[in-house]
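One structure is given below, encoded as structure tokens.
Only the coordinates and a few stated rules stand behind these numbers; no lab work does. Please read these numbers as outputs of a predicted model, since none were measured by experiment. Here the Cβ is made from the backbone with ideal geometry for all residues, glycine too, and neighbour counts use every protein chain on show.
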Amino acid sequence: MTTQSSTRKRRTYRMVARADAAAATRERMLAAAWRNFSERPYENVRLADIAAEADVSVQTLHSGFGPKDALFVAAWTWMGASEVALRETAVVGDVETAVRLLYASYEDRGDAVLRLLAQEDRIAAVHQMADAGRAYHRGWVARTFAPLLADLPRATRQRRLTALVVATDLLVWKLLRRDLGIARATAERIVTDMVTATRGVS
């Protein structure tokens with residue numbers, strides 16, 4: 001009985017170890033893919049380079065994710081999951097904290113996303129994920145700033161929501177932080193003021 005129990009424990013341990021190793025390998029592949037796609041034009045990204053960086057074969061990479069465009073979608077989704085987790089910690093109605101969380105995300109990944117967005121007109125997979133990102137952002141804005149949208153006529157609500165989406169857009173971050181060189185704290189204050197000023201949108 002003891003021998004059978006020990007055998008089961010060893011088998012369970014090996015299964016867990018294999019699962020952990022597989023998960024770690026998948027993380028390496030996704031991280032390598034995201035770095036390559038976010039730093040170079042899509043056409044210049046080679047699966048062989050991603051595989052080498054992740055220390056796997058091209059066949060392993062292809063078996064795990066399929067063709068290049070599917071790997072790109074998987075890598076963007078993987079990256080986006082951590083951004084979503086960060087954003088969803090925002091307390092509804094706490095504008096200042098929400099903007100701070102949003103700008104933490106933009107500071108970390110904004111430049112990479114902008115490089116990718118510049119390619120969406122010619123790369124279908126980039127356009128697909130960009131559209132998904134825009135849809136998520138609009139939904140997040142509607143949830144997070146719900147008190148600013150409450151009890152409004154439909155048309156007014158839509159105009160105010162659009163104003164909020166624009167105020168918190170990545171391109172506004174680029175304008176403030178990259179083009180104008182404004183300090184992050186000041187940029188966040190400006191956006192917070194823009195968000196709260198939407199109360200005047202009628």
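Quick notes on this structure:
- Restricting the calculation to Cα atoms, region 88-202 shows an Rg/Rh of 0.98 when the hydrodynamic-style radius is the Kirkwood one.
- Using the Cβ-Cβ distance between Arg199 and Arg138 with R0 = 30 Å, the FRET efficiency computed as 1/(1 + (r/R0)^6) comes to roughly 0.95.
- Computed lengthening from Arg28 to Val58, 0.36 nm per intervening residue step minus Cα-Cα distance: 9.5 nm
- Cα gyration tensor shape of region 92-150, rounded if a/c is under 1.5, else prolate or oblate by comparing a/b with b/c: oblate
- Rg/Rg_globular for the chain, with Rg_globular taken as 2.2 N^0.38 Å and Rg from C-alpha atoms: 1.31
- Contact order, relative form, for region 88-202: 34 percent (alpha carbon pairs under 8 Å, 6 or more residues apart, mean separation divided by residue count).
- Note on Ala85 and Thr162: with the Förster distance fixed at 22 Å, the Cβ-Cβ geometry gives a FRET efficiency of about 0.25.
- Additional length obtainable on full extension of the chain from Gln119 to Ala104, 0.36 nm per residue less Cα span: 3.0 nm
- Going from the residue with the fewest nearby Cβ atoms within 10 Å to the one with the most, Thr144, Thr186, Thr196 rank Thr186, Thr196, Thr144.
- Region 21-52 and region 91-132 have Cα centres separated by 20 Å.
- Computed over the chain: relative contact order in percent, which uses C-alpha pairs under 8 Å that are six or more apart: 19
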